[in-house]
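See below for the structure under consideration.
The values are calculated or read from the model by the stated rules, or taken from the named source; none is laboratory data. Owing to the predicted nature of the structure, the values given are computational and were not obtained by experimental measurement. Using ideal geometry, Cβ is built from the backbone for each residue, glycine included, and neighbour counts are taken over all protein chains shown. Heavy atoms of the whole protein, side chains included, go into the accessibility calculation; ligands, DNA and RNA do not. Shrake-Rupley method; radii C 1.70, N 1.55, O 1.52, S 1.80 Å.
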Amino acid sequence: MGAQWKAKGKELAANAKGKLFGRLAKDIMIAARAGADPAGNSRLRLVLEQARKVSMPKETLERAIKKGAGLTGEAVHFEHVIYEGFAPHRVAVMVECLTDNVNRTAPEMRVLFRKGQLGVSGSVSWDFDHVGIIEASPTRPDADAELAAIEAGAQDFELLEADEEESGEGGAAQFYTDAADLDLVCRALPAQGFNVNSAKLGYRPKNPVTLGAAELEEVEAFLAAIDANDDVQEVYVALAG
């Protein structure tokens, strides 16, 4: 789980495809506000790379760029909101939303947090670091994640467990960077034998906790309900493992 919670299970993954495209479209629209040309817009370039990795339809991708850059005449008004609080068993959670209607999203979050506790701004963010998060796969057998992290300028790394449902290369790693160095590290990793699969700014827990099986199941159900909300972009949770 680490910094970013992800739904588990084949059925959940299949059902999440459309939601993933919707989230990426929002990210593309927000990034494209600074310009429709990825060559001069590092944030847009990173999101587009992630969209292509998951085979987002080209038409959907291009429409999101044009809409975000104001080339279609449509107004894009998304507000970035972060909700902080606790899942069951006092597990710290940060929920990142992009919404076109905070008056709709706020009460929905209050309902979703009933089995936990919704906090005020700053109630748990002090226990997370704002970092760049890069998932990358090795492109050669001798690629070493620790050496790659040092040479590329990453602050830390974690080896990721292989997903049995995916046929990609093993040995994938998650690299953590200073928030300001995300694009620089992304550009440096290929020379160190790692291909960037996704890159974004996010939150990493300083003090992740370990739960028993029954408690973990309860927390997973809570997180799945939050993640299913259409306005939710990312869910960060202070869970170890």
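General observations
- Per residue solvent-accessible surface (Å²) - the stretch 53-187, probe of 1.4 Å: 58
- Descending Cα extents along the principal axes, the stretch 131-221, whole Å: 44, 31, 18
- Charge dipole (Cα centre; +1 on Lys/Arg Cβ, -1 on Asp/Glu Cβ; no other charges) of the stretch 122-239 amounts to roughly 520 debye.
- Fraction of C-alpha pairs exceeding 33 angstrom in the chain: 17 percent, rounded to a whole number.
- The dipole here belongs to the stretch 68-112: it is taken about the Cα centre, uses +1 on the Cβ of Lys and Arg and -1 on the Cβ of Asp and Glu, and is about 240 debye.
- Lys-Lys pairs in the chain that are eight or more residues apart or on separate chains and whose Cα atoms lie under 19 Å of each other come to 26.
- Proximal charge balance of L71 [Cβ under 13 Å; K/R count +1, D/E count -1]: +1
- Unit charges at the beta carbon, dipole of the stretch 75-114: most positive-side option, L112, C97, A75: L112
- Dipole in debye (nearest 20) - the stretch 193-241, about Cα centre, beta carbon charges: Lys, Arg +1; Asp, Glu -1: 420
- Cut-off under 5 Å, modelled amide H: who pairs with F128 long-range: K206
- Database remark: amide H of L239 closer than 5 angstrom to the amide H of G2, V209 (H placed geometrically; neighbours at sequence offset of 5 or more, or on other chains; Pro and chain starts carry no H).
- In sequence order, calculated HN-Hα J values of the stretch 128-139 (Karplus, 6.51, -1.76, 1.60; Hz; x Gly/Pro): 10, 9, 7, 9, x, 10, 10, 9, 9, 10, x, 9
- Percent accessible area from carbon and sulfur atoms, the chain, protein chains only, probe 1.4 Å: 50
- Helical mean residue ellipticity (222 nm; -39500 (n - 2.57) per DSSP H run of 4+; nearest 500) of the chain: -10500 deg cm²/dmol
- Long-range HN-HN contacts of Q155 with modeled amide H, under 5 Å: Y176, T177, D178
- Options H130, L44, Y203, ranked by Cα towards positive dipole end of the chain, top entry (Cβ charges): L44
- Our summary gives the chain a relative contact order of 27 percent, counting only alpha carbon pairs under 8 angstrom and 6 or more residues apart.
- Overall form of the stretch 18-100: prolate. Here a/c, set by the Cα gyration tensor axes a ≥ b ≥ c, is 1.5 or more, and a/b is the larger of a/b and b/c.
- Max mean-square fluctuation residue, GNM over the chain, Cα-Cα springs under 10 Å, options G202, G122, G212: G212
- Axial C-alpha extent at least 18 Å, average Kyte-Doolittle at least 0.5 - helices from the chain (DSSP): 213-227
- Per residue, the average separation of C-alpha pairs within less than 8 Å and at least 6 apart gives the stretch 35-140 a relative contact order of 20 percent.
- Protection proxy ranking of 108-117, 79-88 - average other beta-carbon atoms within 10 Å, highest first: 79-88, 108-117
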